[in-house]
Structures are given as structure tokens and as C-alpha cells.
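Visitor: Take a look at this one; I'll ask things after.
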Amino acid sequence: MKDKLNAILEKAREQVAQSADLNALNDIRVQILGKKGELTEVLKSMKDVAAEDRPKIGQMVNDTRAEIEGILEAAKSKMEAAVRDAKLKSEVIDVTLPADRNRIGHRHPNQIALEELERIFIGMGYEVVEGPEVEKDYYNFEALNIPADHPAKDEQDTFYVNGDILLRTQTSGAQVHEMEKGRLPIRMISPGRVFRADEVDATHSPSFHQVEGLVIDKGITFADLKGTLEHAAKELFGADTRVKFRPHHFPFTEPSAEMDVSCFKCGGKGCRFCKGEGWIEILGCGMVHPHVLEMSKIDPREYTGFAFGFGLERIALLKYEIDDMRLLYENDDRFLRQF
Ligand code: DAH
């Protein structure tokens, strides 16, 4: 019996010495110590051993088993250490190598102009709120005093999702959402994307951006509108900027106006930039129409307000002297990097 056990032990030693990887070690373990392994077979044959010899033989089998397990374990640790070393070597990082150049993107001119506008209006105590790009006809037209048969609706014929829902043509709907909250006074701007069925050219795009403004409080007058927008214009285009209000018509304001700023290139003398006019149009504005207030459950005898709408691209194009709106949407990195 002893010889047999020794033979098993020696064979195990030999096989372990020759095994190349952890799988091979495992095979050896199964082959010798497994359910049908050689050593297990020896244990099974114990029933043939004389009763008085059993404890001794049993001890021998156990010793052999322990020894083989020790051999397997030692070989396993050695192999694992070798694998770890190889991995560490292969993953060495040379920290002295120059790093990959990290190209950081750039704020879009629209975004720069928007942040500038937000800075100016937040400075005057305004809140920035967002309105939905997919809008109900009611908010885009009806509640802004543009009923179904109003000609202003033709001008802004747009992308309908269904008969009642559309991609908004103006950010003015955000005014209605804000008024409906029933929290007065209101001082807010609402920037965002708008959509119109326009062909793409140097000054048009089917998708562009507006920044809406709305102030509602007791005793607000056209003087507040003028003072506010003049201040904003000077902040945007420089302290020498003058403003001019031309009468205009918007269904949701009365009276309404468009505001021009003196050309910041020529100071108003007239140049190629302002097409000889000396003035550049930058927004629409007016006193909120009493009917618009009423529709949003605000009493026009108690509250008045003004509203305005900047075209964001317009500001970006002017401020950064970009002569074609399409450049703003091509996202050519060489163009964007200039600002
Ligand atoms: N929503 C108008 C447009 O798309 C711009 C505008 C004009 C907004 C007058 C206003 C406003 O809030 O009072 O042309």
C-alpha cells in the first residue's frame, strides 16, 4: 500500500512540474483527488484492509493527500505570481511621454450671445425660464391675440404635428405659460429654438432662436420698456449705442414697436455694415395687449406690462460680424474657433 501511495505522490510531483498553466493543475487535481481520482480509489479499497491496519493506512492516505494538495497549491501560487508579473510588465506606462493633445470644443456664437443677454437681464432681476418647443396652437397663436383667421398666422405658417400641435414659431408662447402660473409680478426672459417654414439663405433658416422678454407689474409704462431696452442695447453693443423705436404692429402688444440700434461700426453715419442706414434693427417689442392679459386671467386695470423678442442669431451675427447665417449651423470647427 505504501508503495502504491508513493507512486501516486511521485507521479503527481512529476506532472505538476511539467504543467504549463492553471488548467493543467486542475486536471491533475481531478485525476488524483477527484471523485474518481487515483487516491480516492485507494480510499475506497480500504474495505479490503484488515481492521487493525485501517487507522494506519488511513493516516498514510491522508498524509499523501495533504502532500499532493500542498504541491498543487505551491505550483498554483507560483503560476499566479508569474501571470501578475507579466501583466504588470505589459502595462507599464511611461509617464515621461508627451500627452495626447486634448482638443476642447468652443462655445457657439449663439451661446456666447445668449449668455451675454442672460447676464444683462439677470443683472436687472429677471428670471430665465424655458418654454416648450412643441407647442399648442393656443399658446403660439390664440392666447397671443392671433385667432384662427388672423393674417399674422399666414406669415408664420409652420410645421404642424397635428391640427392642434405645432413646432412653435416664436418664443412668445412662453409669456402665456408664465402669466398662467398666476404669480405676479413677472420679470422673465425665455430663450429658445423656434421653427418656421422658411427656405435656407444668408438670413433665414427653418430653425432659429429667439429670446423673449416679459415684465408685468402695477404701473409699468412704455418708459420702463424704453429704459430697459436702451440699457440692454448699451450693454450689448457699447455705451455709445443709441436706440430708436419705430412704430410697428404685433397682435399681442399695443402699442408695438421695433427697436433699432445705432450702427456700432460707423456710429450711425452709415456704412456697408448697416447698408448705409446708420441703424440696425434688433428686436420687436410693445406694451402687452390688455386682451392678452385678460386671456391669461390678469386684470389689465390693475396690471400692465411690456414684452420684447430678440432674434438671437441676429445678435450673434451683428456682434461677431458674421455675414451669413448658414455659418452658424454648419458647425465647422475652423469657423467656431474664431469667437
Ligand atoms: N414674437 C415676435 C416675432 O416672432 C417678436 C416679438 C415682438 C416678441 C414683440 C414680443 C413682442 O414679445 O412684444 O416676430
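The values are calculated or read from the model by the stated rules, or taken from the named source; none is laboratory data. Please read these numbers as outputs of a predicted model, since none were measured by experiment. Positions of Cβ are generated from backbone atoms using ideal geometry, with glycine treated the same way; all protein chains shown enter the neighbour counts. With ligands, DNA and RNA removed, areas are computed over all heavy atoms of the protein, side chains included. Shrake-Rupley method; radii C 1.70, N 1.55, O 1.52, S 1.80 Å.
Visitor: With a probe of 1.4 Å, find how much accessible area the chain has per residue, and write the answer as a whole number in Å². Intermediate values should be presented prior to the final figure.
Guide: Values: 19510 Å² over 339 residues.
Per-residue accessible area for the chain comes out at 58 Å².
Visitor: Now a separate question. Express in nm, to one decimal, how much length is gained between E330 and H106 on full extension, taking 0.36 nm for each residue of separation and deducting their alpha carbon distance.
Guide: Using 0.36 nm per residue and subtracting the Cα-Cα distance, I get 79.2 nm.
Visitor: Now for a separate question. Give a residue-ordered list of calculated ³J(HN,Hα) values for the range 222-234 (Karplus: 6.51 cos²θ - 1.76 cosθ + 1.60, θ = phi - 60°; whole Hz; x for Gly, Pro).
Guide: For the range 222-234, the Karplus curve yields 4, 5, 5, 4, 4, x, 5, 6, 5, 4, 4, 5, 5 Hz.
Visitor: Could you check the simple spin-label distance between E133 and E254, using points 7 Å along Cα→Cβ, in nm with one decimal?
Guide: Modelled inter-label distance: 3.5 nm.
Visitor: Let me ask something else. Read phi for every residue in the range 110-123 and hand back ³J(HN,Hα) as whole Hz from Karplus 6.51 cos²θ - 1.76 cosθ + 1.60, θ = phi - 60°, with x for Gly and Pro.
Guide: Whole-Hz 3J(HN,Hα) from phi for the range 110-123: 4, 5, 5, 5, 5, 5, 5, 4, 4, 4, 5, 7, 4, x.
Visitor: To continue, here is another question. Tell me the Rg and the Dmax, in Å, that the Cα atoms of the range 1-143 produce.
Guide: Every Cα atom of the range 1-143 included, Rg and Dmax give 37.5, 107 Å.
Visitor: Calculate I(q)/I(0) for the chain by the Debye formula, one identical point scatterer on each C-alpha and no solvent, and give its log10 at q = 0.08, 0.09 Å⁻¹ to two decimals.
Guide: After summing over all Cα pairs, the log10 values are -0.53, -0.59.
Visitor: Within the range 38-134, list the trypsin sites (Lys or Arg not before Pro) lying in a DSSP loop whose Cβ has at most 12 other Cβ atoms in a 10 Å radius. Please list the in-between numbers first.
Guide: Values: sites: K44, K47, K56, R65, K76, K78, R84, K87, K89, R101, R103, R107, R119; in loops: R101, R103, R107.
Answer by residue number: R101, R103, R107.
Visitor: Accessible area of the chain with a 1.4 Å probe: how many percent of it is carbon plus sulfur?
Guide: Taking all protein chains in place, the chain shows 51 percent carbon and sulfur surface.
Visitor: Before rounding to the nearest 500, sum -39500 (n - 2.57) across all DSSP H runs of length at least 4 in the chain and divide by the residue total; then give [θ] at 222 nm in deg cm²/dmol.
Guide: Helix-only estimate at 222 nm: -13000 deg cm²/dmol.
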